[in-house]
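S.K.: Below: one structure in structure tokens.
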Amino acid sequence: MKALKPSHREKRRYLVISGKDANQKITEEAILKFLGILGYAKVSPQIVKKAENRAIISIKHTELDRVRAALLMSGKDIKIEKVSGILKKLRQ
């Protein structure tokens, strides 16, 4: 199969989240509860890197505001530290 052109690829944003509830299960539940199944599918979150109280998740760039709202309204101890368009900036 032929590779996609850069203009046809999905644009992603990477979020660094931290807090005692910053794990995959709680983060996905918070997004799913706030946005529903269709909203969750639009966001298409992926965990890139996990640490003890920190994680990097990847989402579609158009859904950034909705994910911020979902994590804020969840009532869990999850804080967005940094957002970037490239992963290299977050790993420094």
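Results for (1) hydrophobic (A, V, I, L, M, F, W, C); (2) in contact with a helix residue (DSSP H, G or I) (Cβ under 8 Å, 6 or more places away or on another chain); (3) not in a helix (DSSP H, G or I), shown as yes or no for each residue.
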site	(1), (2), (3)
A3	yes, no, yes
L15	yes, yes, yes
I26	yes, no, no
L32	yes, yes, no
L38	yes, no, no
K42	no, yes, no
I47	yes, yes, yes
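S.K.: So is D21 acidic (D, E) and part of a helix (DSSP H, G or I) or not?
M.R.: no
S.K.: Please count how many residues of the range 63-80 are of a type outside the set (A, V, I, L, M), assigned to a helix (DSSP H, G or I) and without any contact (Cβ under 8 Å) to a residue 12 or more places away in the chain.
M.R.: Result for the range 63-80: 1.
S.K.: Got a number for residues in the range 32-55 being crowded, with 17+ Cβ neighbours inside 10 Å, more than 16 Å from K20 (Cα to Cα) and touching a strand residue (DSSP E or B) at 6+ places or on another chain (Cβ under 7 Å)?
M.R.: 2
S.K.: Further question: Which numbered condition in (1) of a type in the set (G, A, S); (2) out of contact with any helix residue (DSSP H, G or I) (no Cβ under 6 Å at 6 or more places or on another chain); (3) surrounded by 13 or more Cβ atoms within 10 Å (Cβ to Cβ); (4) farther than 21 Å from R9 by Cα is the only one that S58 fails?
M.R.: (4) is the only condition that S58 fails.
S.K.: Yes or no: the range 11-30 includes at least one residue that is more than 22 Å from G85 (Cβ to Cβ) and aliphatic (A, V, I, L, M).
M.R.: Yes, the range 11-30 has at least one match.
S.K.: Looking only at residues that are in contact (Cβ under 8 Å) with a residue 12 or more places away in the chain and surrounded by fewer than 11 Cβ atoms within 10 Å (Cβ to Cβ) in the range 1-22, which one is nearest to L64 (Cα to Cα)?
M.R.: In this case the residue turns out to be K11.
S.K.: Any residue that is at pLDDT below 90 and of a type in the set (D, E) - is there at least one of those in the range 28-43?
M.R.: no
S.K.: Just to be sure I understand the filter: pairs with C-beta atoms under 6 Å, separated by 6 or more residues or on different chains, first member in the range 23-43 and aromatic (F, W, Y), second member assigned to a helix (DSSP H, G or I). Which pairs pass?
M.R.: F34/A70; F34/M73; Y40/I31; Y40/L32
The values are calculated or read from the model by the stated rules, or taken from the named source; none is laboratory data. The model shown is predicted, which means the values in this text are computed figures rather than measured ones. So basically every Cβ, Gly included, is an ideal-geometry build from the backbone, and we count neighbours across all protein chains shown.
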